[in-house]
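Notes follow the structure.
Each reported figure results from applying straightforward, stated rules to the coordinates on display, with no laboratory input. Here the structure is a predicted model, which is why all the values come from computation and not from measurement. All Cβ positions, glycine included, derive from the backbone under ideal geometry; neighbour counts span all protein chains shown.
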Amino acid sequence: MTELLVVGAGPAGISAALWARWFGLEVRVVDAGASPGGQLHRVHFHPRTLAGIPVGDGPAIAAVMARQLADAGVAVRGECTAQRLEPGARPAVILEGGERLACQAVLIATGVRRRRLGVPGEDALEGRGVSFSATRDRAQLAGRRVLVVGGGDAAYENALILAGAGCRVVLAVRDAPRARAEFRARVARTPAIEVRRGVRVTAILGTDAVTGVRLAGPEGVADVAVEGVVVKVGVVPNTEWCRDAVACDDAGHVRAGEHGRTSAPRVWAAGDVTGPALPSVAVAMGQAAAAVADARRALRED
Ligand SMILES: Cc1cc2nc3c(=O)[nH]c(=O)nc-3n(C[C@H](O)[C@H](O)[C@H](O)COP(=O)(O)OP(=O)(O)OC[C@H]3O[C@@H](n4cnc5c(N)ncnc54)[C@H](O)[C@@H]3O)c2cc1C
């Protein structure tokens with residue numbers, strides 16, 4: 001029987017699988033995506049915070065990690081989405097389609113996904129002016145009038161990237177800005193960026209391409225002409241499948257205690273899914289290593 005079932009093959013799940021192999025545990029990994037790497041597939045630049053990895057963008061780093069898994073003899077079952085977690089002394093994960101994977105311990109490493117606006121036009125115009133990354137779509141958006149939505153670091157940083165690409169940027173911030181002071185100061189010094197506070201995007205307009213946005217704010221509802229929209233409104237934890245089985249916080253992150261222990265016996269969690277103070281590759285990998293070491297201790301005590 002599988003000793004450790006790792007759900008999610010982002011940096012946390014990959015680190016967990018490598019450590020599990022090192023400890024001699026019988027490990028299985030499932031992931032909803034086609035290949036391991038998780039959010040690294042959306043990092044379109046070289047992350048300068050990864051010790052020991054001096055070159056490569058996210059997908060290149062994900063490919064290196066996938067090779068490491070293969071070299072360690074860990075097979076990842078891709079395109080397998082966990083739908084439910086059955087807690088217990090012998091927990092099990094039910095996949096979409098109904099297959100039941102029984103095991104002795106589960107590591108939840110399902111990370112987070114982008115939050116979407118959920119307004120008319122967002123889905124239909126994705127890739128035709130609606131973007132989720134100014135870094136990736138910089139060339140297409142260069143020189144245009146673009147609305148960036150969001151009040152965190154990512155939104156402010158994307159506004160600065162676009163201003164640097166010759167765009168005129170409207171930065172729509174719904175609540176109080178959460179971006180760090182350094183980004184706010186740089187935005188305030190950039191004439192190409194206009195910050196609109198207290199406004200909400202209620203629709204993205206256009207038929208074949210983005211032509212504008214509808215904004216609702218203190219002064220009422222108004223349509224603003226733009227040729228691009230970059231959405232940077234945070235993330236949502238991928239925990240719908242396990243929320244009935246383990247305690248989660250109000251935002252849906254798994255509550256993980258010491259060594260990643262959750263409220264359910266034999267279930268650990270690691271990485272962004274736990275809502276760490278610094279969501280990052282290093283933290284995800286470290287949390288996963290600690291969780292696997294703890295799971296191994298628990299299993300060996302059986
Ligand atoms: C644009 C961008 C830039 C970033 N820049 C940096 C940086 O410079 N430095 C840094 O350290 N970090 C950076 N990060 C953050 C870093 O990528 C994350 O912290 C890290 O990927 C978290 O790893 P994780 O394994 O916890 O989760 P994820 O990477 O989110 O992986 C979760 C995995 O679980 C799978 N999954 C989800 N739901 C299910 C399900 N129900 N069943 C099965 N599988 C499921 C997903 O397919 C995914 O593969 C960046 C992230 C983004 C998006």
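In this structure, the amide hydrogen of VAL148, modeled 1.01 Å from its nitrogen in the peptide plane, lies closer than 5 angstrom to those of VAL170, LEU171, ALA172, VAL230, counting only residues at least 5 positions away or on a different chain. Taking 11 Å as the cut-off, the amide N atoms of the range 103-135 that come nearer than this to a point 7 Å along the Cα-to-beta-carbon line of PHE45 belong to 134-135. Based on Cα contacts under 8 Å between residues 6+ apart, the chain shows a relative contact order of 21 percent.
If you take the beta carbon distance between ARG255 and GLU219 as r and set R0 to 51 Å, what does 1/(1 + (r/R0)^6) give as a FRET efficiency, to the nearest 0.05?
Values: r = 41 Å, r/R0 = 0.81.
Computed FRET efficiency for ARG255 and GLU219: 0.80.
Here, the range 151-208 has an Rg and a Dmax of 11.8, 38 Å when only alpha carbons are counted. Here the Karplus relation 6.51 cos²θ - 1.76 cosθ + 1.60, evaluated at θ = phi - 60°, turns the backbone of the range 168-175 into coupling constants of 9, 10, 9, 9, 8, 10, 6, 10 Hz, with x for every Gly and Pro. Under 5 Å between amide hydrogens, built in the peptide plane, is the criterion, and for VAL235 it picks out ARG115 among residues at least 5 positions away or on other chains.
Find out how many positive minus negative residues lie around GLU240, taking Lys and Arg as positive, Asp and Glu as negative, among other residues whose Cβ is under 13 Å from that of GLU240.
Values: positive: ARG84, ARG113, ARG243; negative: GLU96, ASP244.
Local net charge: +1.
Here the residues ASP244, ASP294, ASP272, ranked from fewest to most Cβ neighbours within 10 Å of their Cβ, fall in the order ASP244, ASP294, ASP272.
The mean of 1/r over all distinct Cα pairs in the range 55-105, once inverted, gives the Kirkwood hydrodynamic radius of 13.1 Å. If you build a Gaussian network model of the chain, linking Cα atoms that sit under 10 Å apart, which residue out of PRO54, PRO279, PRO91 swings the most? It is PRO54.
For the chain, the longest principal axis of the alpha carbon atoms and the long axis of helix 281-300 meet at an angle near 20°.
Here's how it looks for VAL119: its modeled amide H is under 5 Å from none belonging to a residue 5 or more places away or on a different chain.
Please report CYS80, CYS167 as a ranked list, fewest other C-beta atoms within 10 angstrom at the top and most at the bottom. Present the calculation step by step, with values, prior to reporting the outcome.
Values: CYS80 20, CYS167 25.
Exposure proxy ranking, most exposed first: CYS80, CYS167.
Converting phi to 3J(HN,Hα) with the Karplus coefficients 6.51, -1.76 and 1.60 and the offset θ = phi - 60°, the range 109-126 yields 9, 8, x, 9, 10, 4, 7, 9, 6, x, 10, x, x, 5, 5, 5, 9, 4 Hz in sequence order, with x at every glycine or proline.
To test your reading of the geometry: what angle, between 0 and 90 degrees and rounded to tens, separates the Cα axis of helix 11-22 from the longest principal axis of the chain? Orientation of helix 11-22: about 20 degrees from the principal axis.
With Cα atoms defining each centre, the range 164-182 and the range 1-68 are spaced 32 Å apart in the structure.
Considering only beta bridges that DSSP places wholly inside the chain, some 45 percent are antiparallel. Relative intensity of the chain on a log10 scale, I(q)/I(0) at q = 0.07, 0.09, 0.16 Å⁻¹, equals -0.31, -0.51, -1.18, per a Debye sum over C-alpha point scatterers of equal strength in the absence of solvent.
If R0 is 45 Å, what FRET efficiency do you get for THR211 and GLU301 from their C-beta distance, rounded to 0.05?
Values: r = 63 Å, r/R0 = 1.41.
The computed FRET efficiency comes out at 0.10.
Each of the trypsin sites (Lys or Arg not before Pro) that DSSP puts in a loop and that has at most 11 other Cβ atoms within 10 Å breaks the chain; the longest unbroken stretch is 49-188. Could you work out how far helix 58-71 tilts from the main Cα principal axis of the chain, as a 0 to 90 degree angle to the nearest 10? Once rounded, one gets 10 degrees.
Principal axis extents of the Cα atoms in the range 130-231, from largest to smallest and rounded to whole angstrom, are 37, 33, 21. In the chain, helical runs assigned H by DSSP with n ≥ 4 each contribute -39500 (n - 2.57); averaged across all residues and rounded to the nearest 500, the mean residue ellipticity at 222 nm is -7500 deg cm²/dmol. Across the range 142-159, computed HN-Hα scalar couplings (Karplus, 6.51 cos²θ - 1.76 cosθ + 1.60, θ = phi - 60°) run 3, x, 8, 8, 10, 9, 10, 10, x, x, x, 3, 4, 5, 5, 5, 5, 4 Hz from first to last residue, x flagging Gly and Pro.
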